[in-house]
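Heads up: the structure comes next, in structure tokens.
Bear in mind these aren't lab numbers, they're just calculated from the coordinates by the rules spelled out. These numbers were taken from a predicted model, which means no experiment stands behind them. No Cβ is skipped: glycine too gets one built from the backbone with ideal geometry, and neighbour counts run over all protein chains shown.
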Amino acid sequence: MRTVYLDNNATTRTAPEVVEAMLPFFSDLYGNPSSMHFFGGQVGRHVKQAREQVAALIGAHPDEIVFTSCGTESDNAAIMGTLYSYPEKKHIVISRVEHPAVLNVAHQLQARGYRITELGVDREGQLDLDELRTVLTDDTALVSIMSANNETGVLFPIDEIAAIVHERGIPFHTDAVQSIGKIPMDMAKSPIDMLSLSGHKLHAPKGVGALYIRKGTRFAPFVVGGHQEAGRRGGTENVPYIIGLGRAAQFAMDHLQEENTRVKALRDRLEAELLKSIPNTMVNGDVKNRLPNTCNLSFEYIEGESILMLLSDEGICASSGSACTSGSLQPSHVLRALGVPFTAAHGSVRFSLSVYNNQEDIDHVIATLPPIIQRLRDISPFWKDYVEGKPMSSFLTGGDIEHHVHG
Ligand code: PLP
């Protein structure tokens with residue numbers, strides 16, 4: 001069966017060029033980059049080159065790049081490293097649609113006595129910047145707002161947000177895990193203080209990431225140990241993966257244009273065709289300000305998980321913002337924050353593309369999905385009620401459902 005992989009916001013294929021660049025560092029080039037001898041030194045030079053490649057991708061200085069184990073660690077380090085260096089401040093500001101790597105750190109801090117402000121979003125997934133202005137105080141240690149949302153692809157105006165935050169002398173971090181490699185980001189022109197990125201979202205392997213820390217930003221290490229990463233992150237460098245991330249940064253620069261032309265055109269065609277051929281379908285999120293690869297659609301009155309299973313049977317990989325666990329319905333915290341009606345939030349499916357997708361992939365989904373939706377609606381009591389004009393049950397309007405944010 002042909003595999004059509006449209007779940008690139010979950011993880012990406014490691015590019016063959018990246019694998020090739022990594023291989024010598026599993027065998028011959030195994031030295032420790034911190035060692036004094038020539039054998040470690042030659043590895044150190046490759047790590048330096050990888051740092052330059054990652055810096056070049058985001059318009060940073062190589063000294064401003066700290067290698068980490070993943071996007072989650074970068075997010076944790078940005079928040080905790082800032083709090084450690086402003087011990088007197090007890091307030092942080094985030095958005096309600098952050099990834100759990102930020103959201104759950106904030107919740108844990110709240111349990112330890114910090115004050116957390118979670119900014120809400122409107123129906124398109126956008127923030128109210130006037131609200132942001134009003135919540136900042138002298139006690140605010142950090143504002144952390146993602147660059148692009150992983151579920152909807154909605155982009156936040158992070159440069160504008162950073163400027164507002166700076167007016168109050170507060171540092172600004174962005175989780176750019178989903179935007180790096182998909183849209184241009186240039187720290188030389190942006191006021192952002194810290195930025196998280198993750199290898200496996202840009203065709204490097206899982207388990208490597210980086211945190212950009214602008215020169216002059218107050219930061220204390222989150223992973224405490226040796227003097228690696230100029231004292232900002234202890235632990236012997238994961239050399240092969242760092243080399244892979246460097247090569248993937250180069251790959252991302254080489255393919256950025258393609259992401260925003262060919263890949264975007266594939267996404268747009270997929271979305272337009274599905275909207276045309278399947279009734280009661282809607283796009284979630286701000287369609288004008290979105291990643292070029294992401295499409296989040298809701299098919300009303302059916303379950304996203306059932307759609308995913310039937311797509312999977314046809315070789316198509318996507319994901320859903322709806323999860324049904326132990327009988328309690330829990331659409332994602334992102335779709336709930338957008339106020340997507342329950343009838344639609346449950347039937348949400350995210351398609352996320354990469355440069356490895358082609359027209360045949362999209363043709364396969366366009367041909368396969370409409371009959372799947374029809375099949376599921378044919379057995380859906382909610383669709384039957386809708387078609388017959390009967391009132392919706394509280395089950396579908398969310399009347400009986402407990403609301404709480406989950407990871
Ligand atoms: N932030 C965002 C927006 C993400 O989408 C993800 C991964 O899904 C992460 C952080 C976590 O990255 P990692 O899987 O490298 O820990």
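The calculated FRET efficiency for the pair PHE26 and LYS206, based on their C-beta separation and a Förster distance of 22 Å, comes to about 0.90.
Label positions at ASP139 and GLU160, each projected 7 Å from the Cα along the C-beta direction, are separated by 2.9 nm. Under 5 Å from the amide H of SER95 lie the amide H atoms of LEU119, MET146, each residue being 5 or more positions distant or on a separate chain, with H modelled from the backbone and absent for Pro and chain starts.
What is the calculated FRET efficiency for MET282 to ALA188, with r their C-beta to C-beta distance and R₀ = 41 Å, to the nearest 0.05? Working from the Cβ atoms, E equals 0.60.
Scalar couplings 3J(HN,Hα) for region 199-210, obtained by applying the Karplus form with A = 6.51, B = -1.76, C = 1.60 to θ = phi - 60°, are x, 6, 8, 10, 6, 9, x, 6, x, 8, x, 8 Hz; x denotes Gly and Pro. Over the chain, with a Gaussian network built from C-alpha contacts below 10 Å, which listed residue (ARG350, ARG214, ARG112) shows the highest mean-square fluctuation? Maximum among the listed residues: ARG112. If R₀ is 22 angstrom, what is the calculated FRET efficiency for the pair ASP63 and GLU17, using the beta carbon separation as r and rounding to 0.05? Once rounded, the FRET efficiency stands at 0.25. Across the chain, the mean sequence separation of Cα contacts (distance under 8 Å, 6 or more residues apart), normalised by length, yields a relative contact order of 21 percent. Taking the chain as a Gaussian network of alpha-carbon nodes connected by springs under 10 Å, the highest mean-square fluctuation of the residues ASN296, ASN280, ASN238 belongs to ASN280. The slack between GLU258 and GLU52, meaning 0.36 nm per residue of separation minus the straight C-alpha distance, is 71.9 nm. Taking label points 7 Å from Cα along the Cα-to-Cβ direction, ASP313 and ASP130 give a separation of 5.1 nm.
Tabulate in residue order the Karplus-calculated ³J(HN,Hα) for region 339-347, using 6.51 cos²θ - 1.76 cosθ + 1.60 with θ = phi - 60°, rounded to whole Hz; enter x for Gly and Pro. Going residue by residue, I get x, 5, x, 4, 4, 9, 4, 5, x Hz, with x marking Gly and Pro. The smallest convex shape that holds all Cα atoms of the chain, its convex hull, gives 148 Å³ per residue.
A simple charge model with +1 on the Cβ of Lys and Arg, -1 on the Cβ of Asp and Glu and nothing else charged puts the dipole of the chain at about 620 debye relative to its Cα centre. Restricting attention to the chain, lysine pairs at least eight places apart or on different chains and with alpha-carbon atoms under 20 angstrom apart total 10. For the peptides 225-233, 130-138, 1-9, the ranking by mean Cβ contacts within 10 Å, running from highest to lowest, is 1-9, 225-233, 130-138. In summary, the helical segments of the chain meeting the span-like criteria, namely a full DSSP H run, a Cα extent along the axis of 18 angstrom or more and a mean Kyte-Doolittle hydropathy of at least -0.5, are 38-57, 71-85, 239-258, 359-378. For region 26-36, putting each phi into the Karplus relation 6.51 cos²θ - 1.76 cosθ + 1.60 with θ = phi - 60° gives couplings of 9, 10, 5, 9, 9, x, 8, x, 8, 5, 7 Hz, in residue order, rounded to whole numbers and with x for Gly and Pro. Modelled spin labels at MET36 and ALA367, positioned 7 Å past Cα toward Cβ, are 6.7 nm from each other. Charge tally around ARG377: other residues with Cβ under 10 Å, Lys/Arg +1 each, Asp/Glu -1 each, net 0.
Amide H contacts for LEU291 (H built 1.01 Å from N in the peptide plane; partners 5 or more residues away or on another chain; cut-off under 5 Å): VAL154, LEU155.
Each peptide among 304-312, 247-255 gets the average number of other Cβ atoms lying within 10 Å of its residues, and from highest to lowest they stand as 247-255, 304-312. Applying the Kirkwood pairwise sum to the alpha-carbon positions of region 16-252 produces a hydrodynamic radius of 18.1 angstrom. A cut-off of 5 Å between modelled amide H atoms, ignoring neighbours fewer than 5 places along the same chain, links ASP7 with SER352.
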